[in-house]
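This report refers to the structure that appears directly beneath it.
Bear in mind that the values in this text are calculations on the coordinates, not laboratory data. Worth saying up front: this structure is predicted, and the values here are computed from it rather than measured. With ideal geometry, Cβ positions are generated from the backbone for all residues, glycine too; neighbour counts draw on all protein chains shown.
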Amino acid sequence: MEVTDRVHVVAQGWEVARIVEPIYELKADKVVLILPENRAFMAEFEHEMLEDLRSTDRLAVETRDANLYDMGNAVQTFTQAVKDHEDDDVYVNVSTGPQVAAIAGMMAAQTADATPFYVRSAPADADPEEIKPDQPIIPEAGEISELPVFELQGPSPEQLRILGFLVGRDGATKKELIRYAETEELPFIADTDAKSDEGRYRLLESHVIDPLTEGGYVSVEKAGRKKVVHIEQRGIDALAAFPLDEETIAALESDRRDVSVDELHADHATSWSDRPIGHSDGRLTAQHGTGTTASHSDESGADAED
């Protein structure tokens, strides 16, 4: 069986601890360091860090050059680095280098099966007086550049409504989800001629459950003859990125008084800095409105009872 490597892609920056510590903590096998084209921007301690990494026997080090202040060039360099290691487990460290590099790293992670992660600049218990600078680090600003806008895709509107319904609940059966969809006249139910329970279950599976499960937004577990759908952290994060409108939240509130409006708003989501580093499906993006094919499961059996 072919063994994959853990590859870190990261822009060079002055805060070397945010580059080096994750390499060892997450047991990287290889690091791709994206260096500034103008080496004059690299301090002596950065060159020393690079030599230390190269002297580590178990770690492969590759360097690439990029204009880390040019969005197009930075995106191209990050994306190519990720693509060149598509058979490995790729992690993109967006903590160092110019902010343009962080944006480029996130965009590159979205183009492939890569996991972006962020490292805080100081421990949570650090003394502010010890890390607070006495004066601006860079006293003058440079030129202003306009950045391109990219659409962030996620679950379809009706899938988001289902996620909102699941927030704060200890799961919901498929029957409960269908009842909610009928009450709210969600399109996958309202726009169909299906009359049988079996037909409605298939529609729920193909339009909602399957795509949300594949995207990591929900999980489904068997409980006796029933299948219970639970929202996952990524589903909560999706509601943070694509908030429900106030009318929908109000409707959910009236249906379930034990869930506060705050739980359905963006501030309920776990920040990226607090998210554990793990599988590469941690990205927030997914195909918009996916899952319109027929379900592979047969709902005519036990599921018709849940």
DSSP-loop GluC sites (Glu not before Pro) across the stretch 150-201, with at most 12 other Cβ within 10 angstrom: 151, 185
Segment residue 233-residue 126, extension gain: residue separation times 0.36 nm, minus the distance between their alpha carbons: 35.7 nm
Two-site FRET efficiency, residue 140 against residue 42, from Cβ-Cβ distance with R₀ of 30 Å, rounded to 0.05: 0.90
Value of relative contact order over the stretch 6-121, rounded to a whole percent, pairs C-alpha under 8 Å and six or more apart: 32
Trypsin sites (Lys or Arg not before Pro) lying in DSSP loop within the stretch 99-191, provided at most 16 other Cβ fall within 10 Å: 120, 169
